[in-house]
Each structure stands twice: as structure tokens, then as C-alpha cells.
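Student: Sharing a structure with you now.
The values are calculated or read from the model by the stated rules, or taken from the named source; none is laboratory data. Quick caveat, the model's predicted, so the values are computed rather than measured. Note that we place each Cβ from the backbone using ideal geometry, even for glycine, and neighbour counts take in every protein chain shown. For the accessible areas, the whole protein counts, side chains as well, though only heavy atoms, and no ligand, DNA or RNA atoms are used. Shrake-Rupley method; radii C 1.70, N 1.55, O 1.52, S 1.80 Å.
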Amino acid sequence: MNKNNETIVAISTGSSSGAISIVRMSGEMSTIIADKIFKAYSGQTPSEFEPRYLNLGNITTENFSEQAMCVVFKAPKSYTGENLVEFQCHGGTQIANGIMKECIKHGARIATNGEFTKRAFLNGKMSLSSAEGMMDMINAESDAEIRAGYELLTGNLSKLAYSSQKELTDILSEIEVSFDYPEEIIEYITKAKVKERLENLSKQMEETIETSETGKMIKSGINVLIVGRPNVGKSSLLNNLLQKEKAIVTDIAGTTRDTVEGTFLLDDIKINLIDTAGIHETQDTVEKIGVDKAKNLISQADIVLFLVDSNREYSADDEEIYNSIKNTKYIILRTKSDLAENNQKHFEDEIEISIKNNQGIDKLKEKILKLTKISNLSSGSVIITNERHKNALIRSNEAIKRAIENIELDSLDLIAIDIKQAYIDIGEITGNTTSEEIIDSIFSKFCLGK
Ligand code: GDP
């Protein structure tokens with residue numbers, strides 16, 4: 001039997017005990033297997049159930065009986081597009097395991113990771129990018145990630161990919177038609193029209209690719225690096241923002257010799273905060289490694305918080321740090337404002353903060369959000385949060401650009417080769433041109449029972 005025709009079973013709820021567990025079975029035999037183990041109190045067996053209605057009854061396994069609910073979905077109107085049965089049992093892991101084993105005894109096999117969703121994809125129930133969006137929602141650590149996953153799941157990116165493919169096939173048919181009329185004037189007109197349509201498509205793709213910067217921030221969080229001389233209050237700020245004592249705070253310079261990291265949510269957005277070793281001239285070998293690491297991290301940060309002490313003179317070390325961050329997105333913070341005697345600003349746009357009095361922190365948070373621009377996202381927008389989608393768009397756009405570049409010189413049948421390539425590349429987003437190996441590798445990263 002083909003692997004995809006077998007009936008599969010898995011526990012779809014989490015692996016710890018709770019109020020309810022769901023055991024899910026999909027495949028042609030699922031209702032027949034269910035008939036052998038479940039009997040509704042109405043006297044009906046699962047094969048006789050009205051689809052999509054819950055039925056209370058009894059499950060009998062080799063070692064125990066259980067009172068449970070059963071619902072049947074008939075192909076093709078189910079999540080997988082196949083006959084699908086779900087048992088809602090009491091939430092003990094032993095109970096769910098026993099039911100699953102009973103299904104296996106009667107002919108089902110245990111599902112591999114993501115196999116239910118893979119079947120949904122193979123049966124045309126959802127595109128590959130929608131399946132990925134759903135997985136993003138399950139793994140989300142912030143509301144912004146849930147929203148981005150939802151947009152992907154509900155198909156805005158798929159729609160864009162399908163409409164691009166449609167446009168590319170329309171352009172190809174225009175080229176085909178022109179082959180029937182070999183006059184030079186027809187070729188000239190066709191080339192002009194094709195070029196314009198390709199340029200519009202390329203522009204749309206470029207705009208979508210640009211959203212990946214925001215997408216990366218949503219998915220992986222925003223990397224905010226804290227830099228400054230020793231003792232300016234970096235660890236105190238980190239602890240304040242994380243609301244826990246993550247870094248050691250002392251008035252001994254050089255206490256933080258390596259980076260200390262933590263994550264917190266700011267208006268639904270994940271902020272990865274990194275506290276660095278105080279940057280200054282030092283002969284201490286261990287401290288020096290920390291200082292070099294801090295300098296390297298500056299180039300990878302999305303935002304740098306540069307801390308200057310209100311209570312000390314602006315020094316050569318401060319100036320050196322400023323020079324290494326001035327080409328990044330940065331925020332200057334004048335720390336320990338509670339101790340400042342004369343509040344002279346060194347930088348025009350600096351924010352005064354006092355961890356001791358909890359002042360200036362809200363202003364800092366506002367500024368971080370302003371620099372990320374993520375809060376401006378509206379629903380229905382396409383944001384690229386997945387490297388695979390971004391690469392597919394880039395490759396497709398490159399093929400389109402090759403066609404545009406060569407259109408004056410090359411014959412239309414040569415241009416058609418690049419257009420066909422663009423079609424294949426963009427199809428990888430929805431999965432209609434994706435190889436089986438890649439599809440397998442994507443679904444293998446899904447969780448069991450999904
Ligand atoms: P780091 O070396 O830059 O990480 O600095 P720390 O966070 O370890 O702070 C150095 C010293 O400054 C500690 O004694 C802190 O208690 C103190 N400190 C930090 N922030 C403030 C503040 O806002 N006001 C006052 N008065 N002291 C602070």
C-alpha cells in the first residue's frame with residue numbers, strides 16, 4: 001500500500017495531562033477502525049454518524065474502557081481531505097496512548113511529524129505557505145508572530161504567488177500568439193507589452209521582498225544591544241526591562257565580562273535584549289575578549305542602546321563607543337539622572353533615565369517601538385517571515401529581471417525560458433512546483449499529531 005493511503009493515528013493534544021486529550025485518525029479505514037472501538041450511547045457506530053457532530057459513547061480498549069466523545073468527518077470535507085475521526089477522551093496521557101494503541105491494533109499506523117497537514121497539502125486543502133503559517137502560529141512567542149502566521153495561513157501570500165503565476169502564464173500565451181504572426185511589427189509590439197507587464201510584476205515582488213526585514217523582526221524578535229562604559233548602569237537597565245535579576249549589578253567596573261541575554265515582550269513584539277561587557281581600554285585578557293565581542297555585536301544589532309553616565313565626564317571611551325555605533329539605529333540614554341547635578345545634554349536626542357526612580361523607561365520603550373515600525377502593520381498585509389519564501393521571491397524576481405534586461409536583444413522564445421523559470425521559482429511558495437524532498441523536509445519539522 002502506498003504510504004499516503006495508509007490510515008494514520010496520533011495524539012493531537014499536548015504530551016502532558018489535562019482536561020481533555022484528542023486522538024486523531026485519518027485515512028480511508030479510519031471510520032471502520034473507529035467502529036471496532038467506539039459505540040455511541042445512541043446505539044450508532046462511527047460509520048453511521050452524521051458528519052461533524054459530536055457523539056457521546058464508550059471506547060473499549062484491550063486494558064480499559066473510557067467514556068468519550070467521537071466526531072467523524074467524511075472525505076473530502078475534513079482537515080486532511082480524507083475520512084477523519086477524532087476521539088475526545090479524558091486528558092490523561094495513559095488514556096490517550098491506550099486509545100492510540102487500540103487504533104494501531106486494528107490497522108492504523110502512527111503518524112509521522114506533520115503528516116496530517118502534509119496530507120491536507122497533498123489533497124489540495126491548503127498551500128505549503130498556509131501550512132507553514134499555521135505552524136508559525138503554533139510556535140508563536142508573541143501576538144505579532146500569531147498575527148503574521150495568521151496572514152500566512154489565511155493565504156495572502158499564496159494569493160500573491162498564484163496571481164503572479166497567472167500573470168506569467170498570460171505573458172507566455174501572449175508570446176505564443178505572436179509566434180503565429182512573424183511580422184517584425186508584431187514582435188516589436190509584443191516585446192513592449194511583455195516588458196511593461198514584467199516590470200510591474202517585478203516591482204510588486206520587490207515590494208514584497210522588502211517586507212522581509214520587518215518579517216524577520218516579528219519572527220526572531222528585535223535584537224537590542226546595550227553598550228556603554230563599565231558602571232554606566234547597563235546591567236541595571238537589562239534587569240529593569242526584563243523585570244528580573246538576570247545580570248549581576250555591582251559598582252565594581254568590569255563585572256559583566258561576557259554578554260547576558262534575555263527576552264521580553266514590548267507591545268506584542270519580542271525584544272531580545274543583550275547586555276555587553278563595558279567597552280573601555282583594558283589589559284585584563286578575559287575582559288578584553290568581552291569588549292571585542294561587544295564591538296562585533298554592534299553590527300548585528302537591530303537597535304543599539306548607548307548608555308552615558310550623568311555622573312561622569314563624557315570620556316574618550318564614550319567617544320570611541322559613539323563612533324562605533326553612529327551608523328546603526330541607536331538610542332542614547334543618559335543614565336542615573338537622579339544623581340545628575342547639572343542636566344546638560346551631550347546629545348540633542350538623548351533620553352534621561354533613572355533605574356533607581358524608574359524614570360524615562362516608558363520613553364525608551366516608545367522610542368524602541370518607533371524605530372521598529374512594526375506597530376504600523378495592518379491586517380491583510382503580506383509580510384515575508386520565512387527565509388524560504390523570501391528566497392523563492394528573490395529567485396523569481398531575478399529571472400524576471402533577466403527577461404526584462406534581454407528583451408531588446410533576445411528573441412521572444414529565449415525570453416520565454418526565463419519567464420518559465422520565474423513561474424517555477426514563485427510556485428515554491430505555495431508548493432505547486434516544490435520537489436518532494438523539500439516538502440518532506442518542511443513537514444518533518446512540524447509537531448506530532450499536526
Ligand atoms: P554596568 O557595569 O554598566 O552594567 O552597571 P551596573 O548596572 O552594574 O551599575 C553600576 C552601579 O550603578 C551599581 O551600583 C548600580 O546600583 C548603579 N546604578 C545603576 N543605575 C542607577 C540609577 O539609575 N541611579 C543610581 N543612583 N544608581 C544606579
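Residues checked against (1) within 8 Å of the ligand (Cβ to nearest atom); (2) of a type outside the set (K, R); (3) at pLDDT below 70; (4) not assigned by TED's automatic domain parsing to the domain that holds K365:
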position	(1), (2), (3), (4)
R229	yes, no, no, no
S236	yes, yes, no, no
E261	no, yes, no, no
F264	no, yes, no, no
I271	no, yes, no, no
I274	no, yes, no, no
G278	yes, yes, yes, no
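Student: Taking the range 183-205 only, how many residues are closer than 16 Å to N406 by Cα, touching a helix residue (DSSP H, G or I) at 6+ places or on another chain (Cβ under 9 Å) and either small (G, A, S) or open to solvent by 50 Å² or more (accessible area, probe 1.4 Å) (or both)? If you could, list the steps in order and put the result at the bottom.
Tutor: Quick first cut of the range 183-205, residues closer than 16 Å to N406 by Cα only: 187-199, 202.
Still in the running and touching a helix residue (DSSP H, G or I) at 6+ places or on another chain (Cβ under 9 Å): 187, 189-191, 193-195, 197-199, 202.
If we keep only those that are either small (G, A, S) or open to solvent by 50 Å² or more (accessible area, probe 1.4 Å) (or both) too, we end up with 187, 189, 193, 195, 197, 199, 202.
Count: 7.
Student: What tally of residues in the range 342-355 results from selecting those that are in contact (Cβ under 8 Å) with a residue 12 or more places away in the chain and either over 24 Å from L241 (Cα atoms) or within 16 Å of the ligand (Cβ to nearest atom) (or both)? Write out each step before concluding.
Tutor: Pass one, the range 342-355, residues in contact (Cβ under 8 Å) with a residue 12 or more places away in the chain: 343, 346-347, 349-355.
Cutting the leftovers down to either over 24 Å from L241 (Cα atoms) or within 16 Å of the ligand (Cβ to nearest atom) (or both) gives us 343, 346, 350-355.
Of the residues in the range 342-355, 8 are in contact (Cβ under 8 Å) with a residue 12 or more places away in the chain and either over 24 Å from L241 (Cα atoms) or within 16 Å of the ligand (Cβ to nearest atom) (or both).
Student: Sticking with this one: Go through the range 83-129 and give me each residue that's assigned to a helix (DSSP H, G or I), open to solvent by less than 10 Å² (accessible area, probe 1.4 Å) and small (G, A, S).
Tutor: The answer is A96, A120, S129.
Student: Can I ask one more? So, in the range 148-182, exactly how many residues are over 30 Å from the mean Cα position of the chain (by Cα) and open to solvent by less than 50 Å² (accessible area, probe 1.4 Å)?
Tutor: 5
Student: Name the one entry in R24, R52 that is within 22 Å of I442 (Cα to Cα) and modelled with pLDDT of 95 or more.
Tutor: After ruling out the rest, the residue left standing is R24.
Student: Report every pair of residues separated by at least 6 positions or lying on different chains whose Cβ atoms are under 6 Å apart, first residue within the range 305-316 and of a type in the set (F, W, Y), second at pLDDT 90 or above and away from the ligand (no atom under 12 Å from the Cβ).
Tutor: Final answer for the pair search is F306/I325; F306/Y330; F306/I332.
Student: Right, here's the next one. Going by what's in this entry, would N58 be described as farther than 21 Å from F443 by Cα, surrounded by fewer than 22 Cβ atoms within 10 Å (Cβ to Cβ) and not aliphatic (A, V, I, L, M)?
Tutor: Details: farther than 21 Å from F443 by Cα: yes; surrounded by fewer than 22 Cβ atoms within 10 Å (Cβ to Cβ): yes; not aliphatic (A, V, I, L, M): yes.
Answer is yes for this residue.
Student: Of the residues K370, K365, K401, only one is open to solvent by 80 Å² or more (accessible area, probe 1.4 Å), more than 18 Å from L201 (Cβ to Cβ) and of a type outside the set (S, T, N, Q); which? Give the derivation first.
Tutor: Values: K365 fails: open to solvent by 80 Å² or more (accessible area, probe 1.4 Å); K401 fails: more than 18 Å from L201 (Cβ to Cβ).
Only one candidate qualifies: K370.
Student: Can I ask one more? Identify the residue in the range 63-82 that is touching a residue at least 24 places away in the same chain (Cβ under 8 Å) and in a strand (DSSP E or B) and, among all such residues, is surrounded by the fewest Cβ atoms within 10 Å (Cβ to Cβ).
Tutor: Going through the qualifying residues, I end up with E66.
Student: Which residue, of E28, E50, E6, is closer than 21 Å to T117 by Cβ and either under 30 Å from the mean Cα position of the chain (by Cα) or without any contact (Cβ under 8 Å) to a residue 60 or more places away in the chain (or both)?
Tutor: Details: E50 fails: closer than 21 Å to T117 by Cβ; E6 fails: either under 30 Å from the mean Cα position of the chain (by Cα) or without any contact (Cβ under 8 Å) to a residue 60 or more places away in the chain (or both).
On inspection, the qualifying residue turns out to be E28.
Student: Is it true that A253 is open to solvent by 30 Å² or more (accessible area, probe 1.4 Å), at pLDDT below 85 and not aromatic (F, W, Y)? Before you say what the answer is, go through the steps one by one.
Tutor: Working: open to solvent by 30 Å² or more (accessible area, probe 1.4 Å): yes; at pLDDT below 85: yes; not aromatic (F, W, Y): yes.
In short, yes.
Student: Within the range 13-48, count every residue that is part of a helix (DSSP H, G or I) and over 11 Å from F87 (Cα atoms). Full working, then the answer.
Tutor: Within the range 13-48, the first condition is being part of a helix (DSSP H, G or I), and the residues that meet it are 30-37, 46-48.
Filter once more, keeping what is over 11 Å from F87 (Cα atoms): 30-33, 35-36, 47-48.
Within the range 13-48, residues that are part of a helix (DSSP H, G or I) and over 11 Å from F87 (Cα atoms) number 8.
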